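The values are calculated or read from the model by the stated rules, or taken from the named source; none is laboratory data. These figures come from a predicted structure and were not determined experimentally. All Cβ positions, even for glycine, are placed from backbone atoms using ideal geometry, and neighbour counts span all protein chains on display.
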Amino acid sequence: MTKAKELEEKLDKAKLPQHVAIIMDGNGRWARKRDLPRVAGHRAGVKSVREIVRACGEIGIKVLTLYAFSVENWKRPRREVDTLMRLLRESLRRELPNLNKNQVRLRAIGRLKELPPKVQEALEKAIKSTEGNEGLILNLAINYGGRSEIVDAVKSLAKDVEKGVCKPDEVSEEIFEKYLYTSHVPDPDLLIRTSGEHRVSNFLLWQVSYSEIWITPVYWPDFRRHHLLGALLDYQERKRRFGGI
Ligand code: IPE
Ligand code: IPE
Ligand code: MG
């Protein structure tokens, strides 16, 4: 029996996290360790995405959010940013039949309007094409920043207040959340970060307030189904208290 199969048998299907969010980190270091250019790490990372999307669907996770590109990542050298955008576009196109075959429904969060037009087109096409699927919701965070998301939410809320749709005193957490990019999904139950960094890097700042965090030293291109299962099993051992006792 493979390691993944063995771990999967230990999983309690009644206690799965509904929403898993992943900070896919370590592509550059994975490549450097092999004397390859950083972009080779990004290319290798696509394979991990394919495997983890598939695994989440098969295991029965409802929502998977993947941090693919942050608003801060534009600071990287032009060549690397271009490659990342091209990889994104190509992967969307290439994986679309697979997503449909596996009933995956694609969504995206972030300042999408600032993405190169070709990436926006590929994204819109894939979102539209998978709209009717009923399996895993795959939520891609692209040009995403937790702070910009909150600012964008405040702006739309302020406009609604101006229009009289809602009164300032009526604003509650429940109402505010409706203005976030993630209004269509529950908060992440489990937040995974690869490559050993212990930070949130501006990811889902509002939504992770009670997420269980799981960090592995494994670089994203090496992240496989059995690592995901390890995280899920660890999650099932946690006692979530949400401030209670
Ligand atoms: C994650 O890997 C991918 C993106 C942020 C787009 P990195 O490119 O951050 O790899 P490291 O962290 O430099 O190793
Ligand atoms: C976070 O990784 C962003 C993504 C995974 C897309 P970074 O590599 O950009 O984060 P820092 O700079 O190490 O905090
Ligand atoms: Mg990094």
For this session: Test Leu84 against the criterion of being assigned to a helix (DSSP H, G or I), over 12 Å from Tyr144 (Cα atoms), in contact (Cβ under 8 Å) with a residue 12 or more places away in the chain and touching a strand residue (DSSP E or B) at 6+ places or on another chain (Cβ under 7 Å), and give yes or no.
Result: yes
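Looking only at segment 198-216, count every residue that is under 13 Å from Ala231 (Cβ atoms) and either assigned to a loop (DSSP other than H, G, I, E, B) or among the β-branched types (Val, Ile, Thr) (or both) and tell me the total.
4
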For this session: Could you please give the count of residues in segment 106-118 that are surrounded by fewer than 20 Cβ atoms within 10 Å (Cβ to Cβ) and either in contact with a Gly (Cβ under 9 Å, 6 or more places away or on another chain) or in a helix (DSSP H, G or I) (or both)?
Result: 6
Exercise. Out of contact with any Leu (no Cβ under 9 Å at 6 or more places or on another chain) and surrounded by 21 or more Cβ atoms within 10 Å (Cβ to Cβ) - does that describe any residue in segment 197-219?
Worked result: yes
Seminar exercise, completed: Scanning segment 12-32 residue by residue, the ones that are within 14 Å of ligand 3 (Cβ to nearest atom) and surrounded by fewer than 18 Cβ atoms within 10 Å (Cβ to Cβ) total 2
Exercise. Which condition does Thr83 not pass, out of (1) within 18 Å of the chain's Cα centre (by Cα); (2) within 16 Å of ligand 2 (Cβ to nearest atom), if it passes all the others?
Worked result: (1)
Problem set entry | Qualifying residues in segment 55-73 (those that are touching a residue at least 24 places away in the same chain (Cβ under 8 Å) and surrounded by fewer than 16 Cβ atoms within 10 Å (Cβ to Cβ)) - the one farthest from ligand 2 (Cβ to nearest atom) | Gly60
For this session: Could you pull out the residue among Ile127, Ile192 that is crowded, with 19+ Cβ neighbours inside 10 Å, in contact with a strand residue (DSSP E or B) (Cβ under 7 Å, 6 or more places away or on another chain) and at pLDDT 95 or above?
Result: Ile192
